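Below: the structure, in structure tokens.
The values are calculated or read from the model by the stated rules, or taken from the named source; none is laboratory data. In this text the structure is predicted, and so the values were computed from the model without any measurement. A quick note on method: Cβ atoms are made from the backbone with ideal geometry, for glycine too, and the neighbour counts reach across all protein chains shown.
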Amino acid sequence: MRSGTLCSKGSIAGLFALIFNLSFLIFNSAKAQDYPRRPPDLDRLTQELFAEIQSDEVPVEDIYETLLNYYQAPLNLNAATREDLRALLLLSETQITSLLRHRAANGPLLSVYELQSIEGFDLRTIGRILPFVAVAGADARAARGPLWQRILREDNNYALLRYERVLQTRQGYTPASLYQGRPTLRYLGGPDKLALRYRASHSQDFSVGFSLEKDAGEPWAWQPGQGRVGFDYLSAHLLLQDRGRWKTLALGDYQLQFGQGLLLSSGFAVGKGAEVITTVRRSSVGVRPYAGLLENSFFRGAAATYRLAPRWEATAFASHRNVDANLRQTQDSLAAYDEFSSGLLYTGLHRTATELAGRHQLAETVGGGHLGYASANGDLAVGLTAVGTHYGTALLKRPEPYNLFEFSGKNNLALGLHYSYVWRNLLLFGETARTTGGALGTLNGLLASLGPAVDAAVLVRHYPADFHSLYGNAFGENYRNINESGVYFGLKVRPAPRWEISTYYDQFSFPWLRYRVGAPTAGHDALLRLAYTPSKTTILSAQLRQRLKPRNLPTSPDRPVPLPGNYVQQSLLIYYDAAISPALEVRTRLQAARVRLDDGLPWQAGYVLAQDVAYRFGRALKLTARYAVFDADDYDARQYVYESDVWLAVSVPALYGQGTRAYALAEIRLGKPLTLWLRYAETRYRHQATVGTGLETIQGPVRGEVKAQLRYKF
């Protein structure tokens, strides 16, 4: 691998670029970090990383929040480690190596524009990372005064209030009536959804904030001992960084990510998608603050990372909180437990008496640590992770065959070893872990730069049916790392300037039964994507994907026992995004799919055609609108389509049936500190007398949603 320094071959153009930038800095006496940072184009980034979302298990909100965290507290390119740069998911391993070698040979970057002089950094790459990075000194906080002063003076210091409501009356909000002599189930609260958030943060320095939320249908209540202060959900955090040998100190709510995420993973974990290379690996970003509104993706307590030696660091953490769960009494007098939980609840919704009965019923205590080593150049990194979990009440899944190897009991201990090693143009990485019961789970991968225009990835994984990683989210087909083996191949080729071909093939198997699958099965997932970027502001792409994942066939007199069939999903995506002018941008999206439960059965099909327009009226107003038509035969053929939303919110509705989907979003700057967002979205169905099911049922063919958000920047 070439070093990418100014003295390397082919760097004359980079030398001129650097001379120009130095001249610009000298004659304008500008601060290096004061370049104009534009907000990230999250619509386009989501398209490039995901391309399409085929399930509601993709943690889009968490990923969206992570990207915005990088925008609010940009990564300092002069202090970023290899793991920090990997966490962006926007740089290849070759680009990361070139940047680190350039920094080692030439000293700290003077400006982000200096990236143009580094080998492998084209304008498209620089444009993608600019919103999330900055150039500053190694200790940018040294001259800023005490912590409380830095918080008060911080530019990234804001509070926001958000309001949401569905305009039509849903069944859960109608007056209760009697059914067979008993009152029917209804929501206990009103249809308004409210969120209040505050946060101040600075990269590699501090983060402090809190979040409050009440979901629609949840009642107002003042029970501070149960975490209800009017709002149903309360989260707060304080995180400090680089205090001498203390790298990180966290109190309140936080997230952890080490190794490949086999034992501890949170935040930015994309998995399989349009980006077929960089999203395969994870990064050890360690302790991160949690400031989101998801109620089940964080730890609560304290965590700290301490630098033992120049290349060694140790992390310890402890967490205790009450999580949602169904508690039941044992009927068998000979059972090991008098009371048990049949499973955790992850919706975070507490709208009915039944949902409230499961709120914060299970005490969860988690503790552990991590010991890590990284070489001077970051090429070699190894680490040991330990995670111990104790539940106040035993977990016992229902006695179904597919639950035979699921975790049961009160205690689980997991120990893991992870590594990553850069050798020339290769990155070798992996993690192996052992959980209570003795099961060993492992994944090992290879990223290779086969040439200036060719990148490849290979990953092998094996997660036994009795492997119990309760907080892991490593690469895989399932949403949990259990009962799965597989091999993934990815390839990205740039055959000509502005053209890119991406493809992957993932072969996987499930050695034991799964929910709705009554036998061991195997399947595959394959993608082919062609992208053309004629300019920095225009992209045209086409994508094909096929996924085979067995599922039980319906029972019948001829088939009384459920047997798996070859459930196949085939999809097509054509996407066009162009900035016609600095003020006007248009996006067109055609997304179609068909599904079939087994050979010989009919296909079910669905499609969405969406047209977006965004126009900016100076700095004071930006309008975004979409009109889409959709047609899906049934729920299995539903289409997930990402939508623009208010700041720090995300919308990915599932569309099925026949109808139209439209929304309009206005971003209005009311002054330097105040910004107002207004959004209206409407789904109008054809040939339907009602919308939704259960307590969400609306009488009529229309569902309209309003959302307003006000942000004040201190």
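Okay, here's what the table says:
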quantity: Restricting region 128-152 to residues that are assigned to a helix (DSSP H, G or I) and within 15 Å of Pro74 (Cβ to Cβ), the residue that is modelled with the lowest pLDDT; calculated: Arg128
quantity: Residues satisfying the stated conditions in region 190-203, i.e. in a loop (DSSP other than H, G, I, E, B) and surrounded by fewer than 20 Cβ atoms within 10 Å (Cβ to Cβ); calculated: Gly190, Pro191, Asp192
quantity: Per-region count, region 649-681, residues within 26 Å of the chain's Cα centre (by Cα) and of a type in the set (D, E, K, R); calculated: 3
quantity: Residue within region 232-246 that is out of contact with any strand residue (DSSP E or B) (no Cβ under 9 Å at 6 or more places or on another chain), free of Cβ contacts under 8 Å to residues at least 40 places away in the same chain and not acidic (Asp, Glu) present; calculated: no
quantity: Among residues of region 236-294, those that are over 20 Å from Ser201 (Cα atoms) and of a type in the set (A, V, I, L, M, F, W, C), counted; calculated: 10
quantity: Qualifying residue in region 386-405 (condition: within 29 Å of Val454 (Cα to Cα) and in a strand (DSSP E or B)); calculated: no
quantity: Qualifying residue in region 112-120 (condition: aliphatic (A, V, I, L, M), within 30 Å of Asp455 (Cα to Cα) and at pLDDT 90 or above); calculated: yes
quantity: Asp155, sole failed condition from (1) crowded, with 16+ Cβ neighbours inside 10 Å; (2) at pLDDT below 85; (3) among the acidic types (Asp, Glu); calculated: (1)
quantity: Pair list, Cβ under 8 Å, 6 or more apart: region 597-609 residue free of Cβ contacts under 8 Å to residues at least 12 places away in the same chain and aromatic (Phe, Trp, Tyr), other residue surrounded by 16 or more Cβ atoms within 10 Å (Cβ to Cβ) and assigned to a strand (DSSP E or B); calculated: Trp603/Arg594; Trp603/Val595; Trp603/Arg596
quantity: Region 95-116, residues that are crowded, with 21+ Cβ neighbours inside 10 Å, touching a Ser or Thr at 6+ places or on another chain (Cβ under 7 Å) and either in contact (Cβ under 8 Å) with a residue 40 or more places away in the chain or among the β-branched types (Val, Ile, Thr) (or both); calculated: His102
quantity: Enumeration of residues in region 359-382 that are buried (at least 17 other Cβ atoms within 10 Å of the Cβ) and within 19 Å of Leu293 (Cα to Cα); calculated: Arg359
quantity: Out of Trp246, Trp220, sole residue that is modelled with pLDDT of 90 or more and either of a type in the set (S, T, N, Q) or more than 22 Å from Arg162 (Cβ to Cβ) (or both); calculated: Trp246
quantity: Among the residues listed as Leu396, Leu356, Leu384, Leu344, the single one being among the hydrophobic types (A, V, I, L, M, F, W, C), over 29 Å from Ser235 (Cβ atoms) and modelled with pLDDT under 95; calculated: Leu396
quantity: Selection count, region 465-484, where residues are closer than 21 Å to His524 by Cβ and either among the aromatic types (Phe, Trp, Tyr) or surrounded by 18 or more Cβ atoms within 10 Å (Cβ to Cβ) (or both); calculated: 10
quantity: Filter result (polar (S, T, N, Q), farther than 22 Å from Leu459 by Cα, in contact with a strand residue (DSSP E or B) (Cβ under 6 Å, 6 or more places away or on another chain) and in a strand (DSSP E or B)) within region 508-542; calculated: Thr533, Thr538, Ser541
quantity: Strands (runs of 3 or more DSSP E) fully within region 208-280 counting 1 or more residues that are buried (at least 20 other Cβ atoms within 10 Å of the Cβ); calculated: 228-230, 233-243, 246-257
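So that you can scan it fast, the table gives a plain yes or no per residue for (1) part of a helix (DSSP H, G or I); (2) surrounded by 19 or more Cβ atoms within 10 Å (Cβ to Cβ); (3) modelled with pLDDT of 75 or more:
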{"residue": "Lys9", "(1), (2), (3)": "no, no, no"}
{"residue": "Phe16", "(1), (2), (3)": "yes, no, no"}
{"residue": "Leu22", "(1), (2), (3)": "yes, no, no"}
{"residue": "Thr46", "(1), (2), (3)": "yes, yes, no"}
{"residue": "Glu61", "(1), (2), (3)": "yes, no, no"}
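Results for (1) in a loop (DSSP other than H, G, I, E, B); (2) farther than 20 Å from Ser420 by Cβ; (3) β-branched (Val, Ile, Thr); (4) at pLDDT below 85, shown as yes or no for each residue.
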residue	(1), (2), (3), (4)
Ala80	yes, no, no, no
Leu99	no, no, no, no
Leu110	yes, yes, no, no
Ile126	no, yes, yes, no
